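Working notes, structure below.
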Amino acid sequence: MVESLPKDPLITPELIADHGLTPEEYERLKGILKREPTYTELGIFSVMWSEHCSYKNSRKQLKNFPTEGPQVLIKAGEENAGVIDVGDGWAVAFKVESHNHPSAVEPFQGAATGVGGILRDIFTMGARPVINMNSLRFGRPNSGQVQQLVDGVVGGIAHYGNCMGIPTIGGDVYYDETYETNCLVNAFSLGVMKINEIQRGEATGVGNPVFYVGAATGKDGIHGATFASTELTEESEAKRSSVQVGDPFMEKLLLEACLELFQTDHIVGIQDMGAAGLTCSTCETASRGGSGVEIDVALVPQREANMTPYEILLSESQERMLVIVKKGREEAVHKIFEKWDLHAVEIGHVTDDGLMRVKYNGKVVAEIPAREIADDAPLYDPPATKPRYLKAVSAWKLSELPQPGSDMTGILTKLLSEPTIGSKKDIYRRYDHMVRTGTVVLPGSDAAVFWMREADKYLSLSADCNGRYCYLDPVMGSRIAVAESARNIVCSGGRPLALTDCLNFGNPTKPEIYWQFKACVEGLKEGCEAFNTPVTGGNVSFYNENPEGAIDPTPLVVMVGQIDKKEHITTQWFKKEGDVVCLLDGLQDDQLAGIGGSEYLRRIHDLKTGCPPVMELEKEKALQDVLLEAIRSGIIRSAHDVSEGGLAVCAAECCFTAPMELESEAVVLGAKLDFSPVARRTPRHDALLFGEQQSRVIVSLAPENLTALEEMAGKAGVQCDLLGTVGGGELTIMVNGETLIKGEVKELGKAWRDAYANAAKTSE
Amino acid sequence: MKIGIVVFPGSNCDYDCLTSFSRLAGEEGLRAETKYVWHKESAPETFDAYVLPGGFSYGDYLRCGAIARFSPIMEEVKAHAEAGRPVIGICNGFQILCEAGLLPGALYMNRDLNFICEHVFLRTERNDTIFTSECRKGEVLNIPIAHGEGNYYADDETLERLEGENLVAFRYCTKDGLVKPEVNPNGSRNNIAGIFNKERTILGMMPHPERAAEIGLGSDDGRKIIVSLLKSLAK
């Protein structure tokens, strides 16, 4: 018999609405229970059916993603994170997740707990997290508010990751007006394990005890999942209590204790308590195990007196796990957690009735069919309408843009000073990016490269998404997100394996937003198919919107690749005087020559329009295949792909991005380049230099290997243009005898290195 | 020889120390047993040297190292050190040695209040010690730092004594070995990156030699410090 508690409020239509449930959803809930819910049950349904937990507005679309492949060991949606095979009995678990809303309201803790949450998703799989990355989107840094936000978010990520001893080795950052009041904080983590050490989040074996381990439960983060499922408004400030507080030290202990536990065979399942805390973990483990779970929440360690079952169940206090222990092994499990000074309390057991039964001091306060609440959440297919702005955007022509003046070097310097393009050292220097001694390429190259010492495997990782491209053409922009992350991995010498995505959008109940969402899913799907990189999981974050409007659609991709041999590792900067410089070009047929949606158009001409660069995936694939073949044959000394800022920015970056850390001054290697061969197929000089045409990579190599490269490219139908040679302290770019760019590499490098500091200085 | 890598709750460079010490011993043809020592052990087996690795012992929520010094293992480390046997503390390990009174001074918050992770240059102040015998005197080493509280402070009197007795092990310097304020990453007094005890049997340093112990990581200068210690233990 399920009982209400004396202080439970009466369930009214207002209370139901406050819980984010529609009248139809409430009817559905009653249908599952076959009665009216108690207040506690209403809370449970409210979080389980929140957008954040149930994916009710996105799940139908997400089914379109390719999720299978010979490398996939655990598929998307099966467990807390996907797992792929990296050979010789080793596997990696990885996932990216958003913590946008909490970070907007409380940047430091919001970002910190974002890292904490994703880490638990990884180690609950049995893996030791060894790599962290993050993808951040902020407004323009010339406002004090944005600077504080950047400082808080970066500080929070550093606080958590550094203390945990997990290197934060890469990611990406954009500063754009669209994220002014809706910053994005997407945290990624990857862990390594032996294949036979993979853990499952399931509750099986009737009578097996259910343990609560880790930090005590407080009132923090109650309804965090519901909070993340609405738009940010003035009142969001009042929901600050929805943001959790992180304790990385506690999580470090929890990590080590769990990994020690996984070396034994004392447990049948483990699940972290993330969004929707204890509620979600009990429902999901029972649902996956095809069983039921009975717990008494009065037994849960509590940080505050007089917490109600409702609060205990919905708390999103951090650093907690649910462990399903084999009967008879309780003592052994206690011993491990005692060693690490952690709570480990038996709060219930596995049953065979398929119910999630919650007691409070023996009284049943909730009794819900576990499979139904976890799997039968309402699914929607909201109306989608093509946004009106697209008509004007796609009609824009290059001829509408005034011809540039003669000071191309000035424009190049200005683009290098863009914080989105410039160095991110201010950020990554605050992250411990070297602990675990595997960071074989320091941050600052196209992809992060990490040597997993325990497995002796080299991984290459890249996070990408240009939200402006996706705004201007969601399908094309999303294809580019996948293509660029794959290209970055290939530039580093790796082959793409799989990806995780974090889909950041506005309010999905608005038809134009939902249209963007559907189109982005389509673009990502096409990209995944082209590179044989299945989606192994991720996260959807809707409602990144405020009264002024929604963010640009930002379907972030983090791709994981593998570098088969140490010798293949390639970085983006020029290595040696006298090397020749070539452009490998997949020859995309781009009417706007990459000017549409470019940084050049946005920052120099203050225009956010045009079709974004064209991405025909077969052409991109051909380019990547040739590049990888060339790298593996050992002839490539550097490879850097053309992205934001175009060919000129790319060439400049090849000159000065070698890590300064290894020298007292920046390593400076200029180049004398002639872009005439590319100019022949480009309509105008600004497009030649700053157009972001896709499927292009600048490589450098010893002159004697040029013929070999040209042959490889020729066979694959990829254009290979000789641009010039590496050397000197200047970068010069000529076209048909005319000097377009001429600058001291030291000065260009300084503009690039000081980009954020200078942008932040021009304060309001 | 037996080397104990002390694991406090929150240590996170224990793995890096273990792998680098054991690999370098192997490369030098030295027989070394490197083992983790859990901080709750009060009287473990005897070790020839202790390593206090980096990390955030007890979360460093109070002062860095302030709680770790009360761990049962520290009694043993103190007795070991007082008997003149070697101890090296790296980063958080250095902070713990200062808190435990085995080395003078303290590590304050970095000058710009942020955590800093980057490669720096260190000048080796003397090479007649068990930790630096593989270096040339004045040799410049490229070794990374990664800390939020590495700003070495000692009062004038202590500083004078350290300088007078040549107990400064490393100073932050330029690539050419010049000790200048602009290459001081954290505000340490006299650009101090590491110090010895009076007998030079204890070394505390903020930079991480174990992170620069193979060329694939950008520098292998750190191996000189580790190998110096390993060779002295082999004698």
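The values are calculated or read from the model by the stated rules, or taken from the named source; none is laboratory data. Note that the structure is predicted; figures quoted are calculated from it, not measured. A quick note on method: Cβ atoms are made from the backbone with ideal geometry, for glycine too, and the neighbour counts reach across all protein chains shown.
Mind checking which pairs have a first residue in region A:600-611 that is surrounded by fewer than 17 Cβ atoms within 10 Å (Cβ to Cβ) and a second that is outside any helix (DSSP H, G or I), Cβ under 7 Å, 6 or more apart or different chains?
A:H605/A:L401
Given the criterion in contact (Cβ under 8 Å) with a residue 40 or more places away in the chain, touching a Pro at 6+ places or on another chain (Cβ under 6 Å) and either farther than 15 Å from B:T124 by Cβ or away from chain A (no Cβ under 11 Å) (or both), identify the matching residue among B:I202, B:I226.
Values: B:I202 fails: touching a Pro at 6+ places or on another chain (Cβ under 6 Å).
The conditions single out B:I226.
Applying the selection to region A:376-418, what residues are closer than 30 Å to A:K63 by Cβ, in contact with a helix residue (DSSP H, G or I) (Cβ under 6 Å, 6 or more places away or on another chain) and not in a loop (DSSP other than H, G, I, E, B)?
Passing the criteria: only A:V393.
With respect to A:V364, is the statement that it is surrounded by fewer than 18 Cβ atoms within 10 Å (Cβ to Cβ) and of a type outside the set (D, E, K, R) true? Quick ask: steps written out before the conclusion?
Numbers: surrounded by fewer than 18 Cβ atoms within 10 Å (Cβ to Cβ): yes; of a type outside the set (D, E, K, R): yes.
So A:V364 fits the description; yes.
What is the residue count in region B:23-33 for residues that are away from every other protein chain (no Cβ under 12 Å) and either under 17 Å from the mean Cα position of the chain (by Cα) or assigned to a helix (DSSP H, G or I) (or both)?
Of the residues in region B:23-33, 4 are away from every other protein chain (no Cβ under 12 Å) and either under 17 Å from the mean Cα position of the chain (by Cα) or assigned to a helix (DSSP H, G or I) (or both).
Select from region A:120-144 the residues that are part of a helix (DSSP H, G or I) and either modelled with pLDDT of 95 or more or closer than 30 Å to B:C17 by Cα (or both) and list them in ascending order.
A:R120, A:D121, A:I122, A:F123, listed by residue number.
With within 14 Å of chain A (Cβ to nearest Cβ), among the charged types (D, E, K, R) and surrounded by fewer than 22 Cβ atoms within 10 Å (Cβ to Cβ) as the only criterion, which of B:K40, B:K78 stands out?
Result of the check over B:K40, B:K78: B:K40.
Looking only at region B:43-72, count how many residues are among the charged types (D, E, K, R) and surrounded by fewer than 14 Cβ atoms within 10 Å (Cβ to Cβ).
So the answer is 1.
For region A:6-22, what are the residues that are out of contact with any Phe, Trp or Tyr (no Cβ under 7 Å at 6 or more places or on another chain) and either closer than 19 Å to A:C53 by Cα or surrounded by 12 or more Cβ atoms within 10 Å (Cβ to Cβ) (or both)?
Within region A:6-22, A:L15, A:A17, A:D18, A:H19, A:G20, A:T22 meet the criteria.
Keeping to region B:189-235, report how many residues are in a strand (DSSP E or B) and within 17 Å of B:K137 (Cα to Cα). Outline the logic, then answer.
First, the residues of region B:189-235 that are in a strand (DSSP E or B): B:192-196, B:202-205, B:214, B:219.
Of the ones still in play, those that are also within 17 Å of B:K137 (Cα to Cα) are B:192-196, B:203.
The qualifying residues number 6.
Is it true that some residue in region A:169-176 is modelled with pLDDT under 95, out of contact with any helix residue (DSSP H, G or I) (no Cβ under 7 Å at 6 or more places or on another chain) and within 30 Å of A:Q148 (Cα to Cα)?
Looking through region A:169-176, none of the residues is modelled with pLDDT under 95, out of contact with any helix residue (DSSP H, G or I) (no Cβ under 7 Å at 6 or more places or on another chain) and within 30 Å of A:Q148 (Cα to Cα).
Which residues, counting only those in region B:67-96, are in a helix (DSSP H, G or I), more than 28 Å from A:G246 (Cα to Cα) and in contact (Cβ under 8 Å) with a residue 40 or more places away in the chain?
B:I73, B:V77, B:A81
Looking at B:N142, B:N186, which one is in a loop (DSSP other than H, G, I, E, B), out of contact with any Cys (no Cβ under 7 Å at 6 or more places or on another chain) and within 13 Å of chain A (Cβ to nearest Cβ)?
Matching residue, one of B:N142, B:N186: B:N186.
Take the conditions assigned to a helix (DSSP H, G or I) and either within 14 Å of chain A (Cβ to nearest Cβ) or within 25 Å of A:G438 (Cα to Cα) (or both) and apply them to B:C64. Does it pass?
The answer is no for B:C64.
Residue-wise test of (1) of a type in the set (A, V, I, L, M, F, W, C); (2) closer than 25 Å to A:A486 by Cβ; (3) part of a loop (DSSP other than H, G, I, E, B); (4) not assigned by TED's automatic domain parsing to the domain that holds A:G743.
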{"position": "A:V626", "(1), (2), (3), (4)": "yes, yes, no, no"}
{"position": "A:I636", "(1), (2), (3), (4)": "yes, yes, yes, no"}
{"position": "A:H640", "(1), (2), (3), (4)": "no, yes, no, no"}
{"position": "A:P677", "(1), (2), (3), (4)": "no, no, no, no"}
{"position": "A:Q694", "(1), (2), (3), (4)": "no, yes, yes, no"}
{"position": "A:V697", "(1), (2), (3), (4)": "yes, yes, no, no"}
{"position": "A:M712", "(1), (2), (3), (4)": "yes, yes, no, no"}
{"position": "A:K715", "(1), (2), (3), (4)": "no, yes, no, no"}
{"position": "A:C720", "(1), (2), (3), (4)": "yes, yes, no, no"}
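So which of A:V245, A:V293, A:V333, A:V325 ends up being surrounded by fewer than 24 Cβ atoms within 10 Å (Cβ to Cβ), hydrophobic (A, V, I, L, M, F, W, C), in contact (Cβ under 8 Å) with a residue 40 or more places away in the chain and touching a strand residue (DSSP E or B) at 6+ places or on another chain (Cβ under 6 Å)?
Details: A:V245 fails: touching a strand residue (DSSP E or B) at 6+ places or on another chain (Cβ under 6 Å); A:V293 fails: surrounded by fewer than 24 Cβ atoms within 10 Å (Cβ to Cβ); A:V325 fails: surrounded by fewer than 24 Cβ atoms within 10 Å (Cβ to Cβ).
Selected residue: A:V333, the only one of A:V245, A:V293, A:V333, A:V325 that is surrounded by fewer than 24 Cβ atoms within 10 Å (Cβ to Cβ), hydrophobic (A, V, I, L, M, F, W, C), in contact (Cβ under 8 Å) with a residue 40 or more places away in the chain and touching a strand residue (DSSP E or B) at 6+ places or on another chain (Cβ under 6 Å).
Take the residues in region A:654-675 that are in contact with a helix residue (DSSP H, G or I) (Cβ under 7 Å, 6 or more places away or on another chain) and assigned to a helix (DSSP H, G or I), then tell me which one is modelled with the lowest pLDDT.
Step one: filter region A:654-675 for residues in contact with a helix residue (DSSP H, G or I) (Cβ under 7 Å, 6 or more places away or on another chain), giving A:655-656, A:666, A:668-671, A:673, A:675.
Filter once more, so that each one left must be assigned to a helix (DSSP H, G or I): A:655-656.
Details: A:C655: 96, A:F656: 92.
The selected residue is A:F656.
Need the failing condition index for A:V210 against (1) at pLDDT 95 or above; (2) in a loop (DSSP other than H, G, I, E, B); (3) within 26 Å of A:Q302 (Cβ to Cβ), just the number.
(2)
What is the number of the single condition among (1) within 14 Å of chain A (Cβ to nearest Cβ); (2) of a type outside the set (K, R); (3) in a loop (DSSP other than H, G, I, E, B); (4) in contact with a Phe, Trp or Tyr (Cβ under 9 Å, 6 or more places away or on another chain) that B:G59 does not meet?
For B:G59, the exception is condition (3).
In region B:45-75, which residues are of a type outside the set (F, W, Y) and either in contact with a strand residue (DSSP E or B) (Cβ under 7 Å, 6 or more places away or on another chain) or over 27 Å from A:M250 (Cβ atoms) (or both)?
B:E45, B:T46, B:D48, B:A49, B:V51, B:L52, B:P53, B:G54, B:G55, B:S57, B:C64, B:I73
Looking at region A:423-468, which of the residues that are of a type in the set (D, E, K, R) and within 8 Å of chain B (Cβ to nearest Cβ) is surrounded by the fewest Cβ atoms within 10 Å (Cβ to Cβ)?
A:R453
Would you confirm, using the coordinates I've provided, whether A:Y389 is farther than 30 Å from A:P511 by Cα and of a type in the set (F, W, Y)?
The answer is no for A:Y389.
A:A639 passes all but one of (1) over 20 Å from A:R681 (Cβ atoms); (2) surrounded by fewer than 23 Cβ atoms within 10 Å (Cβ to Cβ); (3) touching a helix residue (DSSP H, G or I) at 6+ places or on another chain (Cβ under 9 Å); which number fails?
(2)
Do you know which of the residues in region B:115-139 that are within 14 Å of another protein chain (Cβ to nearest Cβ) and not acidic (D, E) is surrounded by the fewest Cβ atoms within 10 Å (Cβ to Cβ)?
B:I116
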